[in-house]
1. For the chain, what is the charge dipole size about the Cα centre, in debye to the nearest 20, if Lys and Arg each add +1 at the Cβ and Asp and Glu each add -1 at the Cβ?
2. Between Leu214, Leu137, Leu177, where does the largest GNM mean-square fluctuation fall for the chain, given springs only between Cα atoms within less than 10 Å?
3. Would you mind giving the average projected area, over all directions, of the Cα convex hull of the chain in nm² with one decimal?
4. In square nanometres, what is one fourth of the surface area of the convex hull spanned by the alpha carbons of region 53-152?
5. GNM on the chain, C-alpha springs below 10 Å: top fluctuator among Gly56, Gly83, Gly173?
6. Hey, in the GNM for the chain with a 10 angstrom Cα cutoff, which one of Val191, Val154, Val79 fluctuates hardest?
7. For labels at Ala48 and Met33 in the simple 7 Å Cα→Cβ model, what's the distance in nm?
8. Between Ala64 and Thr239, take the C-beta separation as r, use R0 = 35 Å, and let me know the FRET efficiency to the nearest 0.05.
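What follows draws every value from the coordinates through simple rules; no lab data is involved. Since the structure is predicted, the reported quantities are computational estimates derived from the model, not experimental observations. With ideal geometry, Cβ positions are generated from the backbone for all residues, glycine too; neighbour counts draw on all protein chains shown.
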Amino acid sequence: MTDAQDFATAIAERHRRRERFTLEAPPGRAGDMGFAYEVQDRLLPLVAGGSAPPAGYKIGLTTARMQQMCGIDEPIVGVILAGRIHASLARVAVGDFVRLGIESEIALRIGTPFPPGGVAPERDLDHVDAICAAFELVDDSGADYARLSAAPLVADNAWNAGLVTGPLAAATGVTSLRDLGGVLHCDGEAVDTGSSSDVLGDPANALSWLVRHLSARGRALAPGQWVSTGAIVPTKFVTPGQTWRFEVAGLPPVELTLA
């Protein structure tokens, strides 16, 4: 097997054993992002039980707060697998994960394909048919953030464990998603806030970044796929019995209950 296949197999085995996130890449590969995405490609069939097309993509580390939390200074991408998308009012079992966190985001559903090479950034939202408040589910497997680096995180599918979508709003006529305030509540109490402008200046810019990233890898977004644009409010780790709600100005709230 190649280095990438060996590393992917080791990550899949760690998931099977529900072990703590390990940070060691093969020698000389720790900063190799091309290698990291190759490992991610090889990991997905091992954890998804097949080779179904992606249900979408998560863009991670799109805000200064998240980059500071993880000690990484660039966005990253993970794949949202089929069967891991939940509709609000979702109920998720914490025990199904090693350490479950939620990230409060805006999610976009692709309506029409992007042409080869993409479009002008101000036209990216023309290819979106629905927008919603969302929770990305992340499982960091108890990682030590002080020792975190980008390549092993990307290799482990950027820790994506699913997506919870709120009620949909039509994207028709929307040209910008900047300056939208977000408020996160836990059990009815506001616990944190953020602005959509923290996400690369506008979540639409995150979509544009993803289109370019996928194009460079010979891939493209497809109609019906979801894009989770990045955390407006940084990761919160959750416990059974909690109810979380995230509100974004102009969008219906998304809600999640933890069992």
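1. Values: 21 positive and 30 negative charges, 99 e Å.
That gives the chain a dipole magnitude of about 480 debye.
2. Highest fluctuation among the options: Leu214.
3. Numbers: hull surface 50.8 nm².
Approximately 12.7 nm², given one-decimal rounding.
4. On the way: hull surface 32.3 nm².
Across all orientations, region 53-152 yields a mean hull projection of 8.1 nm².
5. Gly173
6. Highest fluctuation among the options: Val191.
7. Label at Ala48, label at Met33, 2.2 nm between them.
8. 0.80
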